[in-house]
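The values are calculated or read from the model by the stated rules, or taken from the named source; none is laboratory data. A quick note: this is a predicted structure, and the numbers were derived from the prediction, not measured. Reconstructed Cβ throughout: ideal geometry from the backbone, glycine too, with neighbour counts over all protein chains shown.
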């Protein structure tokens with residue numbers, strides 16, 4: 001079996017090979033950026049392992065990052081305050097504004113970053129999208145103090161008290177909406193127990209806390225899907241590519257990298273287990289970011305820088321994935 005066939009099989013396992021809904025996605029009002037098909041994604045992943053040249057799109061992303069113009073969803077979508085989040089149904093609403101059916105995207109910035117991948121399908125298929133997100137706030141019910149490490153110093157240190165008020169309020173508001181689907185996303189890497197040191201949460205602790213959160217959404221007529229967290233990188237990707245070139249900025253998954261002495265390994269296994277324990281669908285995103293046999297995650301795929309920093313998918317690449325993400329949503333909602 002060829003490497004390309006393996007990639008297509010992995011993408012098919014996510015339920016994205018149905019092309020029924022791919023064509024309308026390129027014409028949505030949410031974005032004029034191109035949308036990749038499953039075949040194009042497989043080809044782009046293969047080509048990324050040997051690519052050394054920057055496209056005009058990637059070059060623009062690097063120039064914008066140097067000027068602090070980050071490739072985040074708030075460039076395309078209104079009401080996305082990068083520090084305030086969204087807690088009320090009327091705060092951040094996207095997709096088809098007149099639709100009666102709805103989808104909720106719930107979590108921290110690692111949920112919000114998928115808005116460009118979700119909104120085009122929702123618009124084309126007449127679903128409203130409610131975004132509930134809070135930066136630096138895990139959605140799982142962690143009872144210990146914790147610290148978000150990384151470059152964003154404005155909300156690094158967190159406590160259960162900071163998020164405990166937001167989490168139940170958001171869950172309560174979401175349940176009153178009775179959405180057809182709740183998509184859940186979260187950051188799982190570079191989060192330590194307490195305010196110092198290098199101790200990570202155990203998989204068992206993370207899984208139990210996340211299971212408790214997902215269990216809140218067991219409602220008739222509502223389906224739930226857990227979006228797999230993407231690998232965390234030790235360097236901001238646009239700057240890394242600008243300084244060292246494309247190939248020197250590739251990473252492996254699972255990662256062996258550290259940041260300030262803290263392992264960057266994520267809690268993807270806990271996410272999958274929590275989804276299984278609650279009957280939620282698990283949406284693997286790493287097959288869209290990394291090659292199959294060696295799990296090499298290149299920084300540039302299809303001529304696009306895939307991250308805007310160390311841990312967030314760029315809005316441009318998220319939009320390119322809206323075809324496969326949208327078909328995954330379709331397959332969840334279609335019996």
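For the range 36-61, how many residues meet the condition of being closer than 15 Å to residue 287 by Cβ, without any contact (Cβ under 8 Å) to a residue 40 or more places away in the chain and surrounded by fewer than 20 Cβ atoms within 10 Å (Cβ to Cβ)?
2
Could you tell me which residue of the range 265-284 is surrounded by the fewest Cβ atoms within 10 Å (Cβ to Cβ), considering only residues that are out of contact with any strand residue (DSSP E or B) (no Cβ under 6 Å at 6 or more places or on another chain) and not in a helix (DSSP H, G or I)?
279
With the structure loaded, tell me whether residue 189 is under 20 Å from residue 267 (Cα atoms) and modelled with pLDDT under 80 or whether it fails that test.
no
Within the range 302-316, can one find any residue that is under 13 Å from residue 230 (Cβ atoms), touching a residue at least 24 places away in the same chain (Cβ under 8 Å) and either more than 14 Å from the chain's Cα centre (by Cα) or part of a helix (DSSP H, G or I) (or both)?
Among the residues of the range 302-316, not one is under 13 Å from residue 230 (Cβ atoms), touching a residue at least 24 places away in the same chain (Cβ under 8 Å) and either more than 14 Å from the chain's Cα centre (by Cα) or part of a helix (DSSP H, G or I) (or both), which makes the answer no.
Taking residue 296 and the conditions (1) surrounded by 24 or more Cβ atoms within 10 Å (Cβ to Cβ); (2) touching a strand residue (DSSP E or B) at 6+ places or on another chain (Cβ under 9 Å), which numbered condition does it fall short on, given that it satisfies the others?
(1)
Can you pull out the residues in the range 171-200 that are more than 19 Å from the chain's Cα centre (by Cα) and surrounded by 14 or more Cβ atoms within 10 Å (Cβ to Cβ)?
Of everything in the range 171-200, those that are more than 19 Å from the chain's Cα centre (by Cα) and surrounded by 14 or more Cβ atoms within 10 Å (Cβ to Cβ) turn out to be 171, 173, 174, 175, 177, 179, 180, 192, 193, 200.
If I ask for residues that are under 17 Å from residue 182 (Cα atoms) and either out of contact with any helix residue (DSSP H, G or I) (no Cβ under 7 Å at 6 or more places or on another chain) or at pLDDT below 85 (or both), which ones from the range 92-118 would you list?
First pass over the range 92-118, keeping only residues under 17 Å from residue 182 (Cα atoms): 92-96, 99-118.
92, 93, 99, 100, 101, 107, 108, 109, 110, 111 - these are the residues of the range 92-118 that are under 17 Å from residue 182 (Cα atoms) and either out of contact with any helix residue (DSSP H, G or I) (no Cβ under 7 Å at 6 or more places or on another chain) or at pLDDT below 85 (or both).
Would you say residue 333 is at pLDDT below 95 and in contact with a strand residue (DSSP E or B) (Cβ under 8 Å, 6 or more places away or on another chain)?
Here the answer is no, as residue 333 does not meet what is asked.
Could you tell me how many of the residues in the range 229-256 are under 24 Å from residue 70 (Cα atoms) and surrounded by fewer than 17 Cβ atoms within 10 Å (Cβ to Cβ)?
Of all residues in the range 229-256, those under 24 Å from residue 70 (Cα atoms) come to 229-251.
With the extra rule that they be surrounded by fewer than 17 Cβ atoms within 10 Å (Cβ to Cβ), the set shrinks to 234, 239, 243-245, 247-248.
The qualifying residues number 7.
Return the total of residues in the range 64-119 being assigned to a helix (DSSP H, G or I) and either surrounded by 14 or more Cβ atoms within 10 Å (Cβ to Cβ) or within 16 Å of the chain's Cα centre (by Cα) (or both).
Final tally of qualifying residues: 14.
Look through the range 221-264, keep the residues that are in contact (Cβ under 8 Å) with a residue 40 or more places away in the chain and assigned to a helix (DSSP H, G or I), and return whichever of them is farthest from residue 195 (Cα to Cα).
Looking at residues that are in contact (Cβ under 8 Å) with a residue 40 or more places away in the chain and assigned to a helix (DSSP H, G or I), I get 247.
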